[in-house]
Amino acid sequence: MKTRKIPLRMCLGCEEMRPKKELIRVVRTPEGTVELDPTGKRNGRGAYICPHLECFQRAAKGKRFQKSLDVELTPEVLAELERKLGSS
């Protein structure tokens, strides 16, 4: 029986490589909005984060979302992403 390769992605917060299914995708859509993508299948540029608020805060503080998604994020968008991440 063949073993399947598990896709790994790096968390923007803790910078650890983890299986893709354990992470939450943040996507910059073709329209330019930045949103959480729980399905991991939306069109657009994606970045991954652990489902922990500490990782989100570390990534936001280091402006890693802006670098990875190549877009400038307002404090309101970051607050909305943090609120959605906290409720999921």
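The values are calculated or read from the model by the stated rules, or taken from the named source; none is laboratory data. Every value quoted in this text rests on a predicted model; they were computed, and no experiment measured them. Note: ideal-geometry Cβ built from the backbone for every residue, glycine included; neighbour counts use all protein chains shown.
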Residues of region 1-18 satisfying the condition of being more than 12 Å from the chain's Cα centre (by Cα) and either of a type in the set (Gly, Ala, Ser) or at pLDDT below 90 (or both): Met1, Lys2, Thr3, Arg4
Can you confirm whether Lys2 is surrounded by fewer than 12 Cβ atoms within 10 Å (Cβ to Cβ), without any contact (Cβ under 8 Å) to a residue 12 or more places away in the chain, touching a strand residue (DSSP E or B) at 6+ places or on another chain (Cβ under 9 Å) and not aliphatic (A, V, I, L, M)? no
Of all residues in region 29-76, count the ones that are hydrophobic (A, V, I, L, M, F, W, C), closer than 17 Å to Gly13 by Cα and more than 12 Å from the chain's Cα centre (by Cα). 1
Quickly run through region 61-78 and pick out the residues that are within 15 Å of Val27 (Cα to Cα) and either in a helix (DSSP H, G or I) or in contact with a helix residue (DSSP H, G or I) (Cβ under 7 Å, 6 or more places away or on another chain) (or both). Arg64, Phe65, Gln66, Lys67, Ser68, Leu69, Glu72, Leu73, Val77, Leu78
